[in-house]
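Structure, as structure tokens:
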Amino acid sequence: MGFQTEFNSVCKFKNEQELYELLEYGRGKMLKDGFRVYPTGQKVIAYTPDNKAVAIVLITASVAEINFQGREVTSVELQLVRKLTEEESKVQSDLAYEMFFGNQT
């Protein structure tokens, strides 16, 4: 058991439904495997499952727990600050590929 820190400006969704709810309703929750530490109160860039930057979000809560199936999970609650423009999305996506996700093919 250990915590993985997420002290960077990336919030990558692996679930399209979680991202849709955030963008549609302005608030959402993301569930991650393992114990992680997300910096509550920090604004980060939200990315789609295919690594496209789409929005600026505020992390409002981060709860690490062992669920009813015995798995270590972290629930991250988010608030939409604003969606990115096409130009902002392209620049942020390109930078994220270089810094976090690896080079585009």
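The values are calculated or read from the model by the stated rules, or taken from the named source; none is laboratory data. Here the structure is a predicted model, which is why all the values come from computation and not from measurement. Reconstructed Cβ throughout: ideal geometry from the backbone, glycine too, with neighbour counts over all protein chains shown. Surface accessibility is based on the protein's heavy atoms, side chains included, excluding ligands, DNA and RNA. Shrake-Rupley method; radii C 1.70, N 1.55, O 1.52, S 1.80 Å.
Assorted remarks:
- Inter-label distance, nm, simple model (7 Å from Cα along the C-beta direction), Glu88/Glu65: 3.3
- Charge dipole magnitude, Cβ of K and R +1, D and E -1 - the stretch 17-105, Cα centre, debye nearest 20: 220
- The residues of the stretch 38-105 expose, per residue, 60 Å² of accessible area to a 1.4 Å probe.
- Of all DSSP beta bridges in the chain, antiparallel share, percent nearest 5: 80
- Pairwise Cα distances in the chain exceed 22 Å in 29 percent of cases.
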